[in-house]
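Inspection log for the structure reproduced underneath, given as structure tokens.
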Ligand code: OAD
């Protein structure tokens with residue numbers, strides 16, 4: 001995909017520049033150009049034989065806690081070695097330029113914060129936090145146990161797990177409420193780098209559309225066009241977002 005292969009509609013540039021409240025939903029695609037594989041693309045190396053959707057469940061953890069723990073350890077190392085890409089940086093600029101900006105992410109990699117985004121709603125948790133399996137309390141320190149079992153909370157002995165939302169689990173209530181409010185109140189909504197198949201995040205663009213708010217989808221894949229208020233830009237977030245920011249605020253670095 002070259003920079004010239006997508007088109008940014010001029011009316012969208014005006015909408016962005018004049019917006020009072022922009023809400024953005026990001027997914028794994030926004031970290032793809034940082035070298036973090038998305039969920040629905042083939043995994044490589046050691047973990048190629050495992051389907052992430054089969055590992056990111058409470059049942060998988062109960063069946064084989066060590067396997068799930070190790071998968072997250074590998075993913076955490078990969079994510080923490082990766083650097084934010086120009087798409088993340090463009091979102092930081094947007095936050096600085098707009099009166100109100102709500103960044104909602106399904107990503108657990110903390111990459112938006114590392115790029116410099118100040119206020120991020122994490123719908124699916126954060127891979128760098130660890131919590132107790134039994135009551136969800138955050139645990140900062142523990143002893144590694146070796147290859148046979150997962151680490152345990154030094155205070156209660158509970159098994160430890162990453163503080164991420166797994167399939168079949170409910171989202172953090174306050175984060176979801178804030179995301180829904182932003183989708184309903186904003187005057188421009190972006191859905192970036194997400195396949196839009198995991199609920200309830202996938203409903204946020206629809207909530208915005210129901211308020212007749214224009215929705216912008218940025219994704220290199222062909223996506224079905226669903227309504228007249230939908231702008232679909234076929235390109236990567238690392239290419240489209242900097243171009244969009246540059247078009248809206250030509251003095252932006
Ligand atoms: P997916 O892996 O389902 O989708 C990633 C999307 O990003 C796809 O639509 C790709 O076409 C698109 N994409 C790939 N490269 C891109 C790029 N450079 N720029 C923009 N888009 C790109 O990831 P999510 O939609 O985030 O949940 O998945 C949603 C949730 O399902 C995840 O948060 C995770 C997962 O299982 C949990 O862990 C609970």
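The values are calculated or read from the model by the stated rules, or taken from the named source; none is laboratory data. All values derive from a computational prediction rather than experimental measurement. Don't worry about glycine lacking a Cβ; one is built from the backbone with ideal geometry, like all the others, and counts go over all protein chains shown.
A few notes on this one:
- In the set 16, 25, 55, only one residue is within 10 Å of the ligand (Cβ to nearest atom), over 19 Å from residue 111 (Cβ atoms) and in contact with a helix residue (DSSP H, G or I) (Cβ under 8 Å, 6 or more places away or on another chain); that residue is 55.
- The requirement of being over 18 Å from the mean Cα position of the chain (by Cα), within 16 Å of the ligand (Cβ to nearest atom), touching a residue at least 12 places away in the same chain (Cβ under 8 Å) and assigned to a helix (DSSP H, G or I) is fulfilled nowhere in segment 220-227; no residue meets it.
- When every residue of segment 204-216 is checked against the conditions, at least one turns out to be part of a helix (DSSP H, G or I), under 15 Å from residue 106 (Cβ atoms) and in contact with a strand residue (DSSP E or B) (Cβ under 6 Å, 6 or more places away or on another chain).
- Taking segment 95-119 as the range and being free of Cβ contacts under 8 Å to residues at least 40 places away in the same chain, outside any loop (DSSP other than H, G, I, E, B) and either closer than 17 Å to residue 29 by Cα or touching a strand residue (DSSP E or B) at 6+ places or on another chain (Cβ under 8 Å) (or both) as the test, the residues that pass are 95, 113, 114, 115.
- Filter pass, residue 191 being in contact with a strand residue (DSSP E or B) (Cβ under 6 Å, 6 or more places away or on another chain), part of a loop (DSSP other than H, G, I, E, B) and touching a residue at least 24 places away in the same chain (Cβ under 8 Å): no
- For segment 120-152, a tally of residues being surrounded by 12 or more Cβ atoms within 10 Å (Cβ to Cβ) and not in a loop (DSSP other than H, G, I, E, B) returns 12.
- Single unsatisfied condition, residue 241 versus (1) modelled with pLDDT under 95; (2) in contact with a helix residue (DSSP H, G or I) (Cβ under 8 Å, 6 or more places away or on another chain); (3) within 15 Å of the ligand (Cβ to nearest atom): (1)
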